[in-house]
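*Asks:* Dumping the structure here so I can ask a few things about it.
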Amino acid sequence: MQTSCSGDPDQDHPCASGCSRGWRSFTAEPGALAAIPPPEISMGRCQPPLCCSQSPQGSVDCPNLEFEYGDADSHGAELGELYSYTEEPELSSNRRCFEEDFHAQVQGRRWLELDGARQKAYVMRLLDGLEVVNRDKRLRVARAILYLAQGVFGDCDNEGDVLHWSRHNCFLLYQLGTFTAFLELLNMEIDNSQACSSALRKPAISLADSTELRVLLSVMYLMVESIRVEQDTDPPEWKSCRETFRMELSFPVHTEEPFALLLFTMVTKFCSGHAPHFPMRKVLLLLWKVLLFTLGGFEALQELKVRKREELGLPPLPEDSIQVMRSMRAASPPTCSIELGEQQQQKRGGHRSRRPLVKQDSLDMYNERDPFKNEEGGVDEEENDDVDSGLEGELDLMERDAVLAAMPAQRLPIERVSFPKGLPWAPKVRQKDIEHFLEASRNKFIGFTLGQDTETLIGLPRPIHESVKTLKQHKYVSISDIQIRNEEELEKCPMSLGEEEVQETPCEVLYRAMLYNLPQYMIALLKILLAAAPTSKAKTDSINILADVLPEEMPITVLQSMKLGIDVNRHKEIIVKSISASLLLLLKHFKLNHIYQFEYVSQHLVFANCIPLILKFFNQNIMSYITAKNSISVLDYPHCTVCDLPELTAESLEAGDNNQFCWRNLFSCINLLRILNKLTKWKHSRTMMLVVFKSAPILKRALKVKQAMMQLYILKLLKIQTKYLGRQWRKSNMKTMSAIYQKVRHRMNDDWAYGNDIDARPWDFQAEECTLRANIEAFNSRRYDKPQDSEFAPVDNCLQSVLGQRLELPKDFHYSYELWLEREVFSQPIRWEELLHYQ
């Protein structure tokens, strides 16, 4: 196989040897594996990496991205992403339906001029119209309500007024019971078998097949998003409405299941092919916002974590991770194109010139400064070789130290050296790490071990005492450790400890409702994510996610085709954003609620090939994806409702907007990296999947994006697999190793850079997953299975009550009753002597 990437097998790009090794040895469920095929990540094809010289990405300089990660984008942007550009004509349809009805009821007045009482009276009359049998009349009333939720833009002068009246009307609609009414209509549409069969018969599904569903979901999304967002100027009644709405969505009130479960059911029904007309983007956006509203965002999660640690008597967190990541700045680590060039030059020109030895104090001086601090006047010599100029004057570590050592002491540029206050993260030590350290020390100095005893230090030298003291000072006990310990005690002593008191939180209610169909939910989400990934190829067996973006009549001009192409790409990006955010919220909240709930979701994501799917997503020109301009700002809601639309041209569509990056795409990338970290952290078998799928070059290319939070999660993923990548990889990527040391949290006795971890034994990988799965099943069975275990069930010793119990017999039992008597009673000899053994 000929490629343009020449290099030894240990180099970290997809052309390295061993890339065609099978992936099935690391998964456990054949049924789930068949659900999502493993994405092609340079396996068996050995495509050259995008970072090689033939790729235009290698010469692109990425500026620092001023991106602030949060729960969601701005309120206006989140509302605008609900609509596709193909739906733009429906905005005027909503307005027409409202104005025809409103002017017939209220003469010579505008909606903005009515007082609160008259507005409520009109909304109540609209809600009565939802009860009619005629489907068309019901749709016209629903469109009028949607126009109210959209902010009566026909009476507004600017975007701010539209958003203001949208929030005002959404609170009004909720107070009058609109959400409950629309929930009943949504259930009717989901069960509408006629619409499903009609969509199945059509060769091509378009917007017209989901009109009613889109109107209903749009109203519900606008209400959830508008009420979810808090503002300082909200009156007290709005705040109470917000809490009531949150409780109503979190806990089953009108139905026996939380609202999020209904949306999950829509997703699985769509992926099974029974309802191909469902507007998946609106369903997924609504699902994400319902999860965000009911479970809480990242800051609420951090507060919940702090409160839970206090309840368990654990010490406070060493730092606020959200604030630490916001204060971190992006680095400019080297990319693989330079290192490939250096290695090829080394092979062509023989051994490099030997550098002079450097004193240790100058090395220490380098280590104290920021190795990725951009120099103002320095220009890298490698710029002439047309490589990534994002290094911005960064010299090789040894070369720079040699320059510093050769300078006279009085001429060292001290004023240009940056002395950081310290590493961003406080180091952590697990109880397991202390036990392993003491076990190794006792074997070395005493010759025997004391098990899990971490207090007895007799016979160990004084430096070991100091080491143990330091380790215990940084010992970190997580909430998960306490939960696992409690679960082990409940398994050992179920009778003496009694039943566990489970707090009814929104997260607990959601998990209990999702439990028995949770594998199907995860597989369905990943199927849609695979179809929406920009690297996915169109296949005949893939699901059609474009049903709610394609018009009835396909475009006939070049301009219409360009507009539809942008709309389709934007549609896929929004789907990726909503799925990645939903999965991350579920993982983080389930982990805090109970570790085995998190592990259950994680295992099913892994069994459904989530790890190779995310790697496939990043195996692209990630800078092009983050800077993609798949949006037409003049057509975005609410701008298009109050401004005159200019004439669109091919040039204006190609130019796009002036934003430095696409917020939703960068948000999606960070979410997917966080999910990948969640799945692989402390799981050696899953870390080996990263190695087998050659994730190192894919992740290193993503380091080109100069955004601190994204780089942090990439470096975490590289750190956990360095011990498996071999010595040659570590020698070739010393600058990446330095970035890991600088950015990622340290574990004091973690040999991540040397491969000496005693947990990294390959023969334990399958046993690790099997043990974890057994623990999860035991937890789910103990807490959620309705019937009690027969071993501990109460026994009725009264003969009369036992004989008096009514037994449910099969309907056909009386047909074979005589045969049963002959076989089971008359033909069996009575052994009277056995009664003597029971006296």
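*Asks:* Largest first, please: the extent of the C-alpha atoms of segment 187-304 along each principal axis, to the nearest Å.
*Replies:* Taking the Cα atoms of segment 187-304, the three principal extents are 50, 26, 25 Å.
*Asks:* Also, quick follow-up: Do any GluC sites (Glu not before Pro) in segment 613-662 lie in a loop, going by DSSP, with at most 14 other beta-carbon atoms within 10 Å of their beta carbon, and if so which?
*Replies:* Answer in residue order: Glu647.
*Asks:* Further question: Could you tell me how far the Cα centroid of segment 615-634 sits from the Cα centroid of segment 554-575, in Å?
*Replies:* 15 Å
*Asks:* Pulled fully out, how much extra length does the chain show between Asp785 and Glu131, if you take 0.36 nm times their separation in residues and subtract their Cα-Cα distance?
*Replies:* Once the chain is fully extended between Asp785 and Glu131, it gains 231.4 nm.
*Asks:* Could you list the residues of segment 288-308 with an amide nitrogen less than 18 Å from a label point located 7 Å from the Cα of Gln503 in the Cα-to-C-beta direction?
*Replies:* 294-308
*Asks:* Another one. When the accessible area of segment 253-292 is computed with all protein chains present and a 1.4 Å probe, what percentage of it is carbon and sulfur?
*Replies:* 54 percent
*Asks:* Which FRET efficiency, nearest 0.05, do Met188 and Ser801 yield, Cβ-Cβ r, R0 51 Å?
*Replies:* Once the sixth-power term is evaluated, E becomes 0.60.
*Asks:* Okay, next question. Simple spin-label model, 7 Å along Cα-to-Cβ: Lys475 to Asn64 in nm?
*Replies:* Taking the two extended label points, one gets 4.1 nm.
*Asks:* Over all directions, how big on average is the projection of the convex hull of the alpha-carbon atoms in segment 91-207, in square nanometres?
*Replies:* Computing the convex hull of the Cα atoms and averaging its projections yields 8.4 nm².
*Asks:* Continuing with this model, one more query. By how many nm would the segment from Leu423 to Ser652 lengthen if fully extended, with 0.36 nm per residue of separation less the alpha-carbon distance?
*Replies:* 77.8 nm
*Asks:* If you don't mind, there's one more thing I want to ask. Select from segment 120-211 those chymotrypsin sites (Phe, Trp or Tyr not before Pro) which occupy a DSSP coil region and have at most 14 other Cβ atoms within 10 Å, ordered by residue number.
*Replies:* none
*Asks:* Ranked highest first by average number of other Cβ atoms within 10 Å, how do 530-537, 583-590 line up?
*Replies:* 583-590, 530-537
*Asks:* If you place +1 on the Cβ of every Lys and Arg, -1 on the Cβ of every Asp and Glu, and leave all else neutral, what size is the dipole of segment 558-682 about its Cα centre, to the nearest 20 Debye?
*Replies:* 820 debye
*Asks:* Extending each Cα 7 Å along its Cβ direction at Tyr815 and Leu114, get the distance between those two points in nm, one decimal.
*Replies:* Placing both labels 7 Å along Cα→Cβ, they lie 6.5 nm apart.
*Asks:* Order Trp288, Trp238 by their accessible area, 1.4 angstrom probe, all chains in place, largest first.
*Replies:* Largest accessible area first, the list is Trp238, Trp288.
*Asks:* Moving on to the next point. Between Ser496 and Asp234, what is the label-point separation in nm under the 7 Å Cα-to-beta-carbon projection?
*Replies:* Reported label-point gap for Asp234 and Ser496 is 4.9 nm.
*Asks:* To continue, here is another question. Per 0.36 nm of contour for each residue apart, how much would the distance between Lys308 and Ser624 grow if the chain were fully extended, relative to their Cα-Cα spacing?
*Replies:* 109.6 nm
The values are calculated or read from the model by the stated rules, or taken from the named source; none is laboratory data. Fair warning: this is a prediction, and the values are worked out from it, not measured in the lab. Neighbour counts are summed over all protein chains in view; Cβ atoms, including those assigned to glycine, are modelled from backbone coordinates with ideal geometry. Remember, those area values only see protein heavy atoms, side chains included, never the ligands or the DNA or RNA. Shrake-Rupley method; radii C 1.70, N 1.55, O 1.52, S 1.80 Å.
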